[in-house]
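Okay, so here's the structure we're looking at.
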Amino acid sequence: MQPNNDEQQLIALIADYNKPSQAACKAGEPEVGVFFLYDGEVLKSGTPFSVDGLHGLFKSKKYDHELLWKSLQRPGIVPREVQYDEVPRGRVEYDINEKKFCVFADPCILKDRNALNEINREFRLKSANTAEPQRDRRYQCKQCAG
């Protein structure tokens, strides 16, 4: 089934919209965004730093954890019976004053050097321009809360 003219225009518009993001990814640019650590794996939604917008003193991804989790539940990547706030999670932002990327995360993640290394790799963060990971009270999984 071939897309009709309106669908073709929409596909072309989406492709044009995504070109800057795709180019930045190919260039290995660091990303900002949100992530989960589920079953030993980093599950993320990130956007290249130059593509995302300014939110207060930080450049950060507008996508939130709940939406990401639901998008992972639909195809069965994560279980439907597990709620997003039960899982260790965090966010990568860019502090415009300090000129550094910041990883804010659940205490479970902060204790796991392998997970932090994977987050840095997935978001293409380099140690020279990345602050020490920090705890964020918004991110507290079921294990840390209980």
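The values are calculated or read from the model by the stated rules, or taken from the named source; none is laboratory data. Here the structure is a predicted model, which means the values were calculated and not measured. Note: ideal-geometry Cβ built from the backbone for every residue, glycine included; neighbour counts use all protein chains shown.
The number of residues in the range 21-37 that are surrounded by fewer than 19 Cβ atoms within 10 Å (Cβ to Cβ) and modelled with pLDDT of 75 or more comes to 2.
When the range 101-146 is limited to residues that are without any contact (Cβ under 8 Å) to a residue 40 or more places away in the chain and among the charged types (D, E, K, R), the one that is farthest from TYR38 (Cα to Cα) turns out to be GLU132. Applying the criterion of at least 2 residues that are hydrophobic (A, V, I, L, M, F, W, C) and modelled with pLDDT of 90 or more to the helices (runs of 4 or more DSSP H) found wholly in the range 103-146 leaves 107-110, 113-122. The single residue among SER71, SER60 that is closer than 24 Å to ARG138 by Cβ, within 14 Å of the chain's Cα centre (by Cα) and modelled with pLDDT under 60 turns out to be SER60.
So for the range 76-96 (the condition being farther than 18 Å from LEU43 by Cβ, surrounded by fewer than 14 Cβ atoms within 10 Å (Cβ to Cβ) and more than 15 Å from the chain's Cα centre (by Cα)), does at least one residue qualify? Yes; the residues of the range 76-96 include at least one that is farther than 18 Å from LEU43 by Cβ, surrounded by fewer than 14 Cβ atoms within 10 Å (Cβ to Cβ) and more than 15 Å from the chain's Cα centre (by Cα). Just one of the numbered conditions (1) modelled with pLDDT of 55 or more; (2) surrounded by fewer than 12 Cβ atoms within 10 Å (Cβ to Cβ) is not true of LYS44: (2).
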